[in-house]
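Let me begin by presenting the structure, written as structure tokens, before commenting on it.
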Amino acid sequence: ISKDVTLGLAGQELLAESYAVCKSDMMIRGIDPENIQFGNSLTDQDKFPDTKFDYILSNPPYGKDWKDFTEDIEKEQKKSNTRYPVGLPRTSDGAMLFLQHIVSKMYPKDSEETSRAAIVFNGSPLFTGDAGSGESNIRKWLLDENNDYLETIVALPKDLFYNTGISTYI
């Protein structure tokens, strides 16, 4: 690693116990614990609203519905600077919401800065949603020649994650 590179860590967690464990682990390691914030990343409670990142690593929850947050997310989606510019997937799976949120944390394509993201998902973002659905429109947006966000998809071995046989992809 170059001496000119500064590594940092930032994140947001919805579950109180996971948030506390992460924050205490950061303190033990000498990392600023304020870089971890408590709250729901998908609603308008984004704790890093104007922050862009060089590198993003994420493993959003699989199959997490967003029914309890529908009103907040629909309100967020109507904003001019929404993190969900393409539309909304069905409420039974928030994976595509996390995907759009992550893209919103990347530098714009016409910026001097560049961003890279690696996201671990189950197969839902790849395979669900008929043509014209929210999921299909989001995939189309990712692959559009003006956006060109997707570089590769890597299928991971089965049983890679503890206690689940779910197929996963980066």
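The values are calculated or read from the model by the stated rules, or taken from the named source; none is laboratory data. Here the structure is a predicted model, which is why all the values come from computation and not from measurement. Note that each Cβ is placed from the backbone with ideal geometry, even for glycine, and that neighbours are counted across all protein chains shown. These area figures cover heavy atoms from the full protein model, side chains too; ligands, DNA and RNA do not enter into them. Shrake-Rupley method; radii C 1.70, N 1.55, O 1.52, S 1.80 Å.
Data for the structure
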item	result
Positions within region 137-170 being outside any loop (DSSP other than H, G, I, E, B) and aliphatic (A, V, I, L, M), in sequence order	I138, L142, L143, A155
Helices (runs of 4 or more DSSP H) wholly inside region 1-107 that include at least 2 residues being in contact with a Cys (Cβ under 8 Å, 6 or more places away or on another chain), open to solvent by less than 40 Å² (accessible area, probe 1.4 Å) and within 20 Å of I138 (Cα to Cα)	none
Tally of residues being touching an Asp or Glu at 6+ places or on another chain (Cβ under 9 Å) and surrounded by fewer than 19 Cβ atoms within 10 Å (Cβ to Cβ) across region 114-126	3
Set K64, K158, K75, K105: member being touching a Ser or Thr at 6+ places or on another chain (Cβ under 8 Å), of a type outside the set (D, E) and closer than 25 Å to N40 by Cβ	K105
Among the residues listed as P33, P49, the single one being farther than 21 Å from A95 by Cβ, over 17 Å from the mean Cα position of the chain (by Cα) and free of Cβ contacts under 8 Å to residues at least 24 places away in the same chain	P33
Members of region 141-159 found to be touching a residue at least 40 places away in the same chain (Cβ under 8 Å) and among the charged types (D, E, K, R), listed by number	none
Of residues in region 141-160 being at pLDDT 90 or above, open to solvent by 40 Å² or more (accessible area, probe 1.4 Å) and in contact with a strand residue (DSSP E or B) (Cβ under 7 Å, 6 or more places away or on another chain), the one nearest to P85 (Cα to Cα)	I153
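Conditions (1) within 27 Å of L15 (Cβ to Cβ); (2) within 14 Å of the chain's Cα centre (by Cα); (3) modelled with pLDDT of 90 or more, marked per residue:
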{"position": "M96", "(1), (2), (3)": "yes, yes, yes"}
{"position": "I102", "(1), (2), (3)": "yes, yes, yes"}
{"position": "D110", "(1), (2), (3)": "no, no, no"}
{"position": "S115", "(1), (2), (3)": "yes, yes, yes"}
{"position": "R139", "(1), (2), (3)": "no, no, yes"}
{"position": "Y162", "(1), (2), (3)": "yes, no, no"}
{"position": "I166", "(1), (2), (3)": "yes, no, no"}
